[in-house]
Every structure is written in structure tokens, then in C-alpha cells.
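Read through the structure below, which is laid out as C-alpha cells, and then see the notes.
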Amino acid sequence: MKETYYNREDLDKFGNVTEFQKEMGDKFFAYYRSVFKEGALTKREKALIALAVAHTIQCPYCIDAYTADSLKYGCDEEEMMEAVHVACAIRGGASLAHGVQMMNQVKDKMM
């Protein structure tokens, strides 16, 4: 049997995080539920945003959860992959933008 650091079954235990600190856990889940309610953004749009963020932070639990939510709210494979590419572009662009700091240092030190 192959063991991994992340166990798919642990996603179902997420609600149990209140066990060691109920007050803060309950506040988090109240906030979490509020964030994902229909509002200015639809649940579908929020699921796609969450899917993109999940890939950016590389959380396998979140990827599983928001893939399922995206499908549940009617997203197709192309839309989900496009959301992942948006996350990739932003993450890559942020790394490149910080390259300006390196360039500034090189110019300061070489001139």
C-alpha cells in the first residue's frame, strides 16, 4: 500500500478542526459559509476562483473540493483549466515582476 502525506479521507475531517479550539473554529466556519454564499459573485464564479487559488497555494484538499464544486455548479473542463492557467499566469508574472528587484541590485552593484 502506497502512503502519501495527504490522505483523501482527511478532507472529510475538515469540520473537525474545531475540536481543539471550538470558538475560533466556529468563527472561521461562519465566515467561510458567508464568503461562499451567493452575492455579487455567483457560487459558480466563487468555485472557479477558489479552484484557481487552490492551485496557486497547491492544496490538494482544496483542489479536490473546488473541482467538485466547480463541476456541481456547471463548470466544464475547459473553464476549470482556464482558471488554472489564470492562476499560473498571475503566479508566474509575480515571480517575473520581482525580477526587477534583482535587476536593480545588479545595476547597483555593477555600476
| request: Compare Arg44, Arg91, Arg33 in a GNM of the chain, Cα atoms joined below 10 Å, and give the one with the largest fluctuation. | output: Arg33
| query | Among residues other than Phe36 whose Cβ falls under 10 Å from its Cβ, what is the net charge (Lys/Arg +1, Asp/Glu -1)? | reply | +2
| said: Using 0.36 nm times the number of residues separating Val35 and Val53, minus their current alpha carbon distance, what extension gain do you get? | reply: 5.0 nm
| Do any cysteines of the chain lack a neighbour Cys whose Cβ is under 4.7 Å away, and which are they? | Cys75, Cys88
| request: Please give the contour-minus-distance gain from Gln101 to Asp64: 0.36 nm per residue of separation, less the Cα-Cα distance, rounded to one decimal in nm. | output: 9.7 nm
| task | Anything in the chain that counts as a DSSP H helix reaching 24 Å or more along its axis (C-alpha) with Kyte-Doolittle mean of at least -1.0? List them, would you? | result | 77-110
| query | Given springs between every Cα pair under 10 Å in a Gaussian network model of the chain, which of Ala87, Ala52, Ala97 has the largest fluctuation? | reply | Ala97
| task | Report, to two decimal places, the Cα Rg of the chain normalised by 2.2 N^0.38 Å (N = number of residues). | result | 1.43
| field | Mean separation of Cα contacts under 8 Å (6+ apart) over length of the chain, as relative contact order % | value | 21
| task | Select from His98, His85, His55 the residue whose mean-square fluctuation is largest in a Gaussian network model of the chain (Cα-Cα springs shorter than 10 Å). | result | His98
| request: Return the distance in nm (one decimal) between the two label points of a simple spin-label model at Arg8 and Phe20, each offset 7 Å from Cα along Cα→Cβ. | output: 2.6
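Bear in mind these aren't lab numbers, they're just calculated from the coordinates by the rules spelled out. For clarity, every value in this text was computed on a predicted model and none was experimentally measured. For neighbour counting, all protein chains shown are included, and Cβ atoms are generated from backbone atoms with ideal geometry for every residue, glycine included.
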